[in-house]
Amino acid sequence: MTQPAAVSAPAPAPIPLRDLLPWAIFAAVLALVLLYFVGAEEGATSVVSGSFVHEFVHDGRHLLGFPCH
């Protein structure tokens, strides 16, 4: 009887930092923008007039511990 040979899976190729850096910067900027809109978009620092953004992120604001009223 013959025995099957063990087949090893090829190791994944590492991603160079040069290729990963633009996506990391994009993700960091997006996270900061989202944090601003959830945490600080109201009152004197408001970029968007009206209360639409405040009402849209109101529950998320309380969930993350930001006071708003």
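Tell me, please, whether a residue that is assigned to a loop (DSSP other than H, G, I, E, B) and of a type in the set (G, A, S) can be found in the range 22-32. Reasoning before the result, please.
Initially, the range 22-32 is screened for residues assigned to a loop (DSSP other than H, G, I, E, B), giving none.
Scanning the range 22-32, I find no residue that is assigned to a loop (DSSP other than H, G, I, E, B) and of a type in the set (G, A, S), so the answer is no.
Yes or no, residue by residue, for (1) exposed (fewer than 10 other Cβ atoms within 10 Å of the Cβ); (2) modelled with pLDDT of 85 or more; (3) of a type outside the set (F, W, Y); (4) touching a helix residue (DSSP H, G or I) at 6+ places or on another chain (Cβ under 6 Å):
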position: M1; (1), (2), (3), (4): yes, no, yes, no
position: P10; (1), (2), (3), (4): yes, yes, yes, no
position: W23; (1), (2), (3), (4): no, yes, no, no
position: G39; (1), (2), (3), (4): no, no, yes, no
position: V47; (1), (2), (3), (4): yes, no, yes, no
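Go through the range 46-69 and count every residue that is of a type in the set (V, I, T) and either outside any loop (DSSP other than H, G, I, E, B) or touching a residue at least 60 places away in the same chain (Cβ under 8 Å) (or both). Final tally of qualifying residues: 1.
The values are calculated or read from the model by the stated rules, or taken from the named source; none is laboratory data. The model shown is predicted, which means the values in this text are computed figures rather than measured ones. Methodologically, a virtual Cβ is constructed for each residue, glycine included, from the backbone with ideal geometry; neighbour enumeration extends over all protein chains shown.
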